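The values are calculated or read from the model by the stated rules, or taken from the named source; none is laboratory data. All figures in this text were calculated on a predicted structure; none of them were measured in a lab. Reconstructed Cβ throughout: ideal geometry from the backbone, glycine too, with neighbour counts over all protein chains shown. Surface accessibility is based on the protein's heavy atoms, side chains included, excluding ligands, DNA and RNA. Shrake-Rupley method; radii C 1.70, N 1.55, O 1.52, S 1.80 Å.
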Amino acid sequence: MTVEAEPLSRLRQRTSEKWGEYPDDVLPLFVAEMDYPLAAPIAQALHAAIDRSDTGYIGPDDRVKRAFADYAQTRWDWTVDPARTRTTTDVSVVIVEALRSLIEPGDRVVITPPVYPPFFELIPEAGGVVEEVPLLEGGADGAGWALDLAGLERAFAGGAKAFLLCNPHNPLGLVHPRAELEAVAALAAHHGVSVVSDEVHAPLTHSDATFTPFLSVSEEARRIGIAAHSASKAWNLAGLKCALFVTASAEQAERIHALPVEVEVRTSLFGRIANEAAYRSGQEWLDGALHAIEANRMLLSVLLTDRLPHVRYREPHASYLAWLDLRELGWGDRPAKRILEEARVALVAGEDFGAQGAGFVRLNLACSPEVLTEAIDRIAALAGR
């Protein structure tokens, strides 16, 4: 099926952050929301819930857990035991509560910037202290970015107690190779380090890449790891509040089931219904959305080559976020500020992802080709002044 972005006139009727943050003369390509209509199976499931007045508290029901397990088996050849999962509100809560259960106050937790900005806040919320091991630019084949395995080993050997992994990596659209994840698991296990793997972008892996769940790579990974999953990013369900703790060992399953009952009962009933529908019946829609995203990924390459040749960009292999290096334009460490004020295009400032992001911006590709083209035209006009 074909999935197309809705027209701006309709999108501006939405009240979410993407469409409420700025006035109508701004093209909002910042926050990770998509401009596509809700998948029909999800809309039907939510309408059915309304029709039966099913708007109460969540009760004991493992259908979303079983739906995720079936999806993981079909999509990633990954066997998940629903009994070793648990729901909560969102992936950020999975991260915070998992870390709280794994570390002591003051323990160091490793992240790999440039990385999803809330990571810098979620670790202190859980009682930890951020330790940065930046990604290596260039990668083993010189074509991209990669985890700094030597740097991770130094951090683990130096006393870090946990690693918050972004898999796939936001904002780069980097899909970590299995061999690197195996190495991470071996290093972490050797040094007694726990791994929390944020895998919310996993269903958005592109057709030219293969996603590897961290918990699938080895017995060591299963023993030390907890993964965070949700349909929120891939099916645009962030406002419905449902995510999954996923474990693959008796020890980690016991850990998540020992969390307070309120961690689970705060799950949104609508979120649970929507996530189940996404995992059960949403793949055709997602394939269509990914086709549109991959087309925009390539369109952006053409637009930048033609209109902004000094901007450096590597096409992502997951999600719908583009990481653009604007340093050669000479617009300083936070070019997103000037672009917003003068070109009226809202992007995310690279520095929000860590010091390594100075001079970069993150751009949201999940829009119409026309909106993407207009955004680049506006920025190019600014560059030509």
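A few comments on the model shown:
- Picking from residues in the stretch 351-382 that are part of a helix (DSSP H, G or I) and in contact with an Asp or Glu (Cβ under 8 Å, 6 or more places away or on another chain), the one that is most open to solvent (accessible area, probe 1.4 Å) is 351.
- Cβ-Cβ distances below 8 Å connect the following pairs, each with a first residue in the stretch 155-180 that is closer than 17 Å to residue 109 by Cβ and assigned to a strand (DSSP E or B), a second residue that is open to solvent by 40 Å² or more (accessible area, probe 1.4 Å) and among the hydroxyl-bearing types (Ser, Thr, Tyr), and a separation of six or more residues or different chains: 166/116.
- Residues (of a type in the set (Val, Ile, Thr), more than 17 Å from the chain's Cα centre (by Cα) and not in a strand (DSSP E or B)) located in the stretch 79-95: 79, 80
- Condition check for residue 207: over 15 Å from the mean Cα position of the chain (by Cα) and either of a type in the set (A, V, I, L, M) or surrounded by fewer than 18 Cβ atoms within 10 Å (Cβ to Cβ) (or both): yes
- Being surrounded by 17 or more Cβ atoms within 10 Å (Cβ to Cβ), small (Gly, Ala, Ser) and free of Cβ contacts under 8 Å to residues at least 60 places away in the same chain is true of residue 343.
- Within the stretch 195-300, helices (runs of 4 or more DSSP H) holding 3 or more residues that are in contact with a His (Cβ under 9 Å, 6 or more places away or on another chain) and among the β-branched types (Val, Ile, Thr): none
- All of (1) open to solvent by less than 70 Å² (accessible area, probe 1.4 Å); (2) more than 29 Å from residue 56 (Cβ to Cβ) hold for residue 291 with one exception: (1).
- Screening 133, 129 for residues that are β-branched (Val, Ile, Thr), in contact with a strand residue (DSSP E or B) (Cβ under 9 Å, 6 or more places away or on another chain) and open to solvent by less than 50 Å² (accessible area, probe 1.4 Å) leaves exactly one candidate, 133.
- Which numbered condition residue 110 misses (of (1) under 19 Å from the mean Cα position of the chain (by Cα); (2) part of a helix (DSSP H, G or I); (3) among the β-branched types (Val, Ile, Thr)): (2)
- Selection status of residue 316, of a type outside the set (Gly, Ala, Ser), open to solvent by less than 10 Å² (accessible area, probe 1.4 Å) and assigned to a loop (DSSP other than H, G, I, E, B): yes
- For the stretch 139-159, the criterion of being under 23 Å from residue 80 (Cβ atoms) and either over 20 Å from the mean Cα position of the chain (by Cα) or modelled with pLDDT of 95 or more (or both) is met by none of the residues.
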